[in-house]
Every structure is written in C-alpha cells, then in structure tokens.
Amino acid sequence: MRNIFIINPKAGRGLAPKLIEEINSMKNTHNIEIYTTKNVLDAKYYTEKVCRESTEKLRIYACGGDGTLNEVVNGAYGYHNVEIGCIPMGSGNDFIRNFGEANIFRDIKSQLDGESIDCDLIKYTSDKNNGYFVNMCNIGFDSNVVEATAYMKRIPFVHGSFAYMLGIISTLIKKKGANLSIVTDRTNDVYEGKLLMATVANGMYCGGGIKGVPRALVDDGLIDLSIIKTCSRMRFIKLFSSYKKGVHLELDEAKDLIIYRKEKHISIKSEKSDLTVCFDGELEKIREIEFDIIKNAMKFIIPK
C-alpha cells in the first residue's frame, strides 16, 4: 500500500520541514511518498493523477488546513482504491474536530496505523462551478468573516482563532448579511428574504472550533441546514458565546432567530447580486447553488 503525504508548505507557519523529517523517519517500515504543493489546486490535480494512474490501494494524507483537505477530497472523488487522511497544519482544522483532538492527527505513526471509516460528502452545483466539500459551506455573515479574517492574517502576529475573532468584530461593525431564497427537498419555501447567515453542513465546526452546527453528523446521509435571521448587533453578541459552544439551539430566547433542518437536497438563490460563499474555508462568488448529500462517499482515516 502506498502512503502519499501531500504537504502544503504555506500552512502551519513553517512546520513543513519538521513534518517532512518525521514522515521520512517512517520510511523503513512503510511505503511512503512525499509531494509538496506548488500552487493553488496543485493538491487536487496531483491527487487525481495519482488515483487515475494507480491500481493498488492508496492512502493520501492532506497535510495542511481544511482547504488542502478539500482539494485532496475533490481530486480523489470517484476512485474506490483510496483512503484519505488529514495532518492538521492550518488555522482552522475544523473537519477533524468531529473526531477528537488535533494532536492525535499530528502523530504520523498513529495515522499510518489508523483505520478508515465511511464519511459523507456534499456535492454542490452552482452557476459558476461545481465540486464537493467535506465540512461545510458558509453564506452571509460567516463567509464575510472568512474574507475579513484573511485580511487580518496579513497583520504581523495575528493568526488562528485570534484572527477569526477580529474578523467577526470587523464584520459586525459593517453588519453584512445576505438576501436569499432557500428551498429544500422536504418543503417548497424554507426561507425567503434577508438573513444574517446560512450554513450548509456535513460537520459541526467552523472558524477554528466554533460549534455552529451542533447536530451535524458526518455519516448520517443528511445535510444540516442552519439559518440565522437578521438581528441587532447587541442581540447577536449576547448569543455568540452560546453559538460558539453549540448550545444555541436549546435557548428559548433564540428560537425565533433560528431555522434548523436536516435535508438531502437544498437550493439557494441570491435575489440581487453574487454571493460570497465559503467551501471548507475557500471563498467563491456565485448567484445560484444546489447541494446534494452523497452517502459514504469518502473513506477517512482515523488515527489509532
């Protein structure tokens, strides 16, 4: 079995050389290959090439953040001889939080000894692009925060969850949202109008550990849809602590603000202009988009 580590050298604030050294130390006992990405989408195209050309069983480890994992997943989709792992080196690392602490995922021997489980993927089809994501798609406030966070990371010594919190503050000041029509397979009219944010999710976490979609399961064959209606800045600030911990769905004072559903198909359309949407931390501009769940679409390695 080939174990291929695809490393994003820009992730992890300089951790790549140390990681490569640790991976190389395992070459005496395992069939290991290392590939370092050179640009955006390189991880996707290299994964697709390796899967297409190989007939033997593959394990491909995405070494980076959620964006690197997203690229590997998109490159591997449709090939049945591949299992996917993740060595977290990004600022968020949110998908692996569905399975436990990040430290075990950073242990190379535990990864190589691990076993895979079946996980779902969400397929998206938009007027601009199509593909798959493993964790979640954020629309409205959340995607605006990702945009602002990317800007904050340019500031020296600002990174990780601190950059994300600054992004939240910046977005709150601007008070952005989205004007959308959202329809699901179970109803003909879930929501229409302005909202603060909408989340289409396979996993629970975003923003480096914010448990915004607490009922999501990566293997239940369902998409979790969370809609938060517009509200005052002060009300949102008061609710944010509960939102971060994932207990906001249980609050009586928040029930008029939140719509939460489990679906298999969702359609979203912007009424006026292109939306900024965020797939696993990566931003795109779209006007219309549809989501479908794909049950057991990926074999994901859980470290031992």
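The values are calculated or read from the model by the stated rules, or taken from the named source; none is laboratory data. Note that the structure is predicted; figures quoted are calculated from it, not measured. Don't worry about glycine lacking a Cβ; one is built from the backbone with ideal geometry, like all the others, and counts go over all protein chains shown.
List of remarks:
- Among the residues making up region 183-213, those that are surrounded by fewer than 18 Cβ atoms within 10 Å (Cβ to Cβ) and either in contact with a Leu (Cβ under 8 Å, 6 or more places away or on another chain) or under 22 Å from S232 (Cα atoms) (or both) are E192, G193, K194.
- Contacts under 7 angstrom Cβ, first residue in region 233-255 being part of a helix (DSSP H, G or I), partner small (G, A, S), 6 or more apart: L239/A254; Y243/G212; H248/S242; H248/A254
- Qualifying residue in region 182-197 (condition: more than 17 Å from F141 (Cα to Cα), part of a strand (DSSP E or B) and not assigned by the TED database to the domain that holds N70): yes
- Residues in region 71-123 that are within 20 Å of D224 (Cβ to Cβ), acidic (D, E) and surrounded by 17 or more Cβ atoms within 10 Å (Cβ to Cβ): D94, D120.
- Residue within region 187-201 that is without any contact (Cβ under 8 Å) to a residue 12 or more places away in the chain, over 17 Å from V145 (Cα atoms) and not hydroxyl-bearing (S, T, Y) present: yes
- Selection status of E22, surrounded by fewer than 20 Cβ atoms within 10 Å (Cβ to Cβ), among the charged types (D, E, K, R) and touching a residue at least 60 places away in the same chain (Cβ under 8 Å): yes
- Close pairs (9 angstrom Cβ cut-off, 6 or more residues apart or separate chains): within 22 Å of D113 (Cβ to Cβ) in region 29-50, part of a strand (DSSP E or B) and among the polar types (S, T, N, Q) anywhere: H30/N3; N31/N3; I32/N3; E33/N3
- Enumeration of residues in region 71-120 that are out of contact with any Cys (no Cβ under 9 Å at 6 or more places or on another chain), at positive phi and either in a strand (DSSP E or B) or among the polar types (S, T, N, Q) (or both): none
- Verdict on P17 being buried (at least 17 other Cβ atoms within 10 Å of the Cβ) and within 21 Å of A102 (Cα to Cα): no
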